[in-house]
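Just so you know, all these numbers are worked out from the coordinates, no wet-lab data involved. These figures come from a predicted structure and were not determined experimentally. When we count neighbours, we look across all protein chains shown, and the Cβ atoms used for this are built from the backbone with ideal geometry, even at glycine.
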Amino acid sequence: MCMDQHRVCTTNRDVVDIAKPNDRFLKYLLNPFTGRDPTLNRRILRSANSEVVYGPSYYGFYCVRYTKITDYSYYYYLDSNVEPDAGSVRMSFVEESVANAGVTISSVCNPTSGPSAEEFHVLVKENQQANVKQWFPDALLGVYAYTVTDASTSGICGTGSVWDDCSNRTTVSFNYTQCSTTMFDSTDGELYATKYITSGSTSYVIIINADSTTSTRFTCLAVSGSSVSSNPGSCEKGQSATARTSDAASVLISLSAYAFTSASVASSSSSNVGIIAGVIVVLIILIAGAIGGFIFYHKYKKKPFPWQKSKVQNGSEENAEKPAIDPASPKVVVDIQTPKEKNNSLPPIEKPVPPLDENKNQPLPSITRT
């Protein structure tokens, strides 16, 4: 049901009527926050009224291809050709009779020259800015001094200014005490990253203003190296990080990273060397103590060292290491081989036998009676 020209009228699952084909009405179409089918990632928006263009009447269509980021945010592309006669926006025009007969996503969403990577847009549920934070691209993660060039002035801020994207990787904070120039229409000097896409050497990130009220809620930043360009709203087709866009509010920013002083680096280096040396000394002492305790235990407790223990395999002691023999032990007798068992034992000594006839002629001794 249509209540007024600022409400969306749903005619079927995919096609939605709007008062005028303008981006502000996308929030009504991309309505997963209030129960639309999140499985469909493309929708069509149709103007509520047809317009006469060189004779025939036409309806204007947006083809929206969107992707979920968080429960409160989506990013999307407009899958149509650029129309020079419609402010160079990406939209399609369909003759009234054809549109009334019915259109499909495939018939409307078929650009011959679709959007490039940087031409994305972000949709955030109202008052949920703090719940859609994402990381900034690596090129912006740091603490910088920044110099700004706008449409009329160059050299704004500079030395002493503070761009802090390091304390919190999802938030960029500006210190307005150091440089009072308002950045990206943010009174509080705090903005959140919602989504970034990298194409080649340039990253494109859309930031959202954290202020409760503002005239500029979204800003696109194109960053490459130390150069940053801005564009209010979404990124401009072909936006370069090294030049301002066609928007009058666009600025060009040069970043200079803050670094440690040489004294602080030397101090930190010396401190690290001392810590490492201390750790090594402690490890050496612990290892030496462990080895000494091991030797003491086995020596004075009469415990054999692990490598001296017999290893019996398959029930045989053939490969077992024999224990040391105590000379005072009776077992030494068993282990000593007798001369008879030795192959190199001495031959037995033969006692000479006197000849039998040596005392043949000697008289027998006399027998004395008592």
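For a protection proxy built on the mean count of beta-carbon atoms within 10 angstrom, sort 183-190, 118-125, 104-111 highest first, please.
The packing order, highest mean first, is 118-125, 183-190, 104-111.
Find how much the distance from residue 150 to residue 126 grows on full extension, using 0.36 nm per residue of separation minus their present alpha carbon separation; answer in nm with one decimal.
Values: separation 24, 0.36 × 24 = 8.64 nm, distance 2.98 nm.
Contour length minus the Cα-Cα distance gives 5.7 nm.
Rounded, prolate or oblate for segment 209-263? Axes are the square roots of the Cα gyration tensor eigenvalues, ordered a ≥ b ≥ c, and the cut-off for rounded is a/c under 1.5.
It is oblate, given that a/c is not under 1.5 and a/b is not larger than b/c.
What whole number of Å gives the distance from the Cα centroid of segment 202-255 to the Cα centroid of segment 117-192?
Each part's Cα centre sits 9 Å from the other's.
At a Förster distance of 56 Å, what's the computed FRET efficiency of residue 100 paired with residue 259, Cβ-Cβ distance as r, to 0.05?
0.30
By count of other Cβ within 10 Å, fewest leading, how are 133, 195, 68 ordered?
Least to most surrounded, the residues fall as 68, 133, 195.
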